[in-house]
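Engineer: Before I ask anything, let me first share the structure, which is written out below as structure tokens.
No value in this document is a laboratory result; all are computed from the given coordinates. None of the values given here were measured: they were computed from a predicted structure. Every residue, glycine among them, receives a Cβ derived from its backbone with ideal geometry; neighbour counts consider all protein chains shown.
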Amino acid sequence: MNRFYVIGLDDNMRQYFPPEVLEIISSHRVFSGGVRHHEIVRSLLPEKADWIDIKVPLDEVFDRYRSYDGRESIVVFASGDPLFFGFAVTIQNRLPDAQIRLYPSFNTLQLLAQNLLMPYHDMRIVSLTGRPWHEFDRALIESASKIGVLTDREHTPTTIARRMLEYGYDNYTMFVGERLGNTERQSIRQFSIQAAAMNNFVHPNCLILRKERDGHSRKFGLPDSAFEHLNGREKMITKMPIRLLSLSMLDLINRERFWDIGFCTGSVSIEAKLLFPHLHITSFEIREEGRKLMTENCHRRGYNRRFLIGGFISVGGSGCNLYRRTWREISGDPYGSFQKDERERCHRLQLRIRRKQSAFRGSGPPNRSSDIRPNPYHD
């Protein structure tokens, strides 16, 4: 069984460690951490110390750890609080039986809030360190009043600010902390979102967003006029009552992923995301025009989303061919084996849906199944 001492650091080259931690360092031989951590503690390590760099791929790092299983404890240096999106969590996930003794420091968002004298008990925390944008987008859609963001070299304060401006979230003030804990090089600055998008920042850094005014409104049901339509055709959209009724039947509050196949204007995807911001939504459309429509309508409603045009999944053809091809992709059935009776059931279902839609619009329903012209491009 592996044994670890995990010690939290800030960015100060002259760290203060209590006597207990100094004793742990002096009495052990195997140490691990990032390049920056090695620079900070190098002078404290024993002469014949064995250092394991924490770098990707992590499989190699943990293979080294396992080689000491039961023989020697490993002293790991990590940033801030190692249980706050930190390396102690990675150890727990990869070596669930490992014994861990923890000596945390303040995490960077705590240091930033403390320097700003900003209460942070109500702060929404988002980590973009090696992670996608999903939780950050969710916090903006839900109009969080205060958002603490852990950054990396890709998700910098500049790229974050530019993303916010692209989707209309200029209603926040950004506070950026650089090299927090470093007594000589620490910097804390305040920006409008527009100013942050024009600046460069020193890594490592983190930021806090404070909402100054309300931004995009989240209505229960968007009017059809809120969307750009395909070639100006107002009927080429799933109408608001149908959108809301359909989404209400899917128990999306308890779901994680949602596929919108044939999104056209994107109204169903956008409505779903604004009502259920936790969802991971992927939308598919075969028409190239859908790219511009989805982009425009996402900008109008203030959120970024993932959509695919054409390839990846075979969303081509029409009618049941669309369902057959989609089923083939997600089921692993190479033949997409919709039997004749299944195709007939599919057409009957389409007929029932069209009748309900026609009745809602006040026009008479079609009388024959041959009247149906299934169109996979309706969203």
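Engineer: For a test of the definition: using alpha carbon positions, the gyration tensor, and the 1.5 limit on a/c, classify region 237-289 as rounded, prolate or oblate.
Structural biologist: Verdict is oblate for region 237-289.
Engineer: Using Cβ contacts closer than 10 Å as the measure, can you line up Val268, Val61 from fewest to most?
Structural biologist: Ordered by Cβ neighbours within 10 Å, fewest first: Val61, Val268.
Engineer: Oh, and also: Return the inverse of the average 1/r over all pairs of distinct C-alpha atoms in region 74-232, which is the Kirkwood hydrodynamic radius, in Å to one decimal.
Structural biologist: It is 17.4 Å.
Engineer: Given H placed on each backbone N at 1.01 Å, which residues far from Arg124 in sequence or on other chains put an amide H within less than 5 Å of it?
Structural biologist: Amide H neighbours of Arg124, under 5 Å, 5+ apart: Lys146, Ile147, Gly148.
Engineer: Arranged from highest to lowest average of other beta-carbon atoms within 10 Å per residue, in what order do the peptides 194-201, 26-33, 175-182, 117-124 appear?
Structural biologist: Highest mean packing first, the order is 175-182, 26-33, 194-201, 117-124.
Engineer: With an 8 Å Cα cut-off and a minimum separation of 6 or more residues, compute the relative contact order for region 245-296 in percent.
Structural biologist: Averaging sequence separation for qualifying contacts and normalising by length gives 42 percent for region 245-296.
Engineer: Another question about this same structure. How about Lys235: which aspartates and glutamates have a C-alpha closer than 14 Å to its C-alpha, ignoring those fewer than 8 places off in the same chain?
Structural biologist: Asp224, Asp379
Engineer: Also, I was wondering about something else. Taking 8 Å as the Cα distance limit and 6 or more residues as the minimum spacing, I'd like the relative contact order of region 1-120 as a percentage.
Structural biologist: Relative contact order for region 1-120 comes out at 43 percent.
Engineer: With a 10 Å Cβ neighbour count serving as the proxy for reagent exposure, in which order, fewest first, do Arg257, Arg94 appear?
Structural biologist: Taking fewest neighbouring Cβ atoms as first place, the list is Arg257, Arg94.
Engineer: Need the list of aspartates and glutamates near Lys211 for cross-linking: C-alpha distance under 14 angstrom, and skip anything on the same chain fewer than eight residues off.
Structural biologist: Filter leaves Asp122, Glu142, Asp170.
Engineer: Run the numbers on region 62-131 and let me know its relative contact order in percent, using alpha-carbon pairs under 8 Å that are six or more apart.
Structural biologist: Worked out over region 62-131, it gives 25 percent.
Engineer: With 10 angstrom as the radius, rank Ile91, Ile7 by how many other C-beta atoms surround their C-beta, starting from the fewest.
Structural biologist: Ile91, Ile7
Engineer: Continuing with the same structure: If eta is 1.002 mPa s and T is 20 °C, what Stokes-Einstein diffusion coefficient results for region 66-126, Kirkwood Rh from Cα pairs, in µm²/s?
Structural biologist: Once the numbers are plugged in, D ends up at 158 µm²/s.
Engineer: Using the 2.2 N^0.38 Å rule of thumb for compact globular proteins, work out how region 1-105 stacks up: its C-alpha Rg over that value, please.
Structural biologist: In units of the 2.2 N^0.38 Å rule of thumb, it is 0.97.
Engineer: Roughly speaking, what % of Cα-Cα pairs in region 149-276 are separated by over 17 Å, rounded to a whole number?
Structural biologist: Summing the P(r) tail past 17 Å for region 149-276 gives 67 percent.
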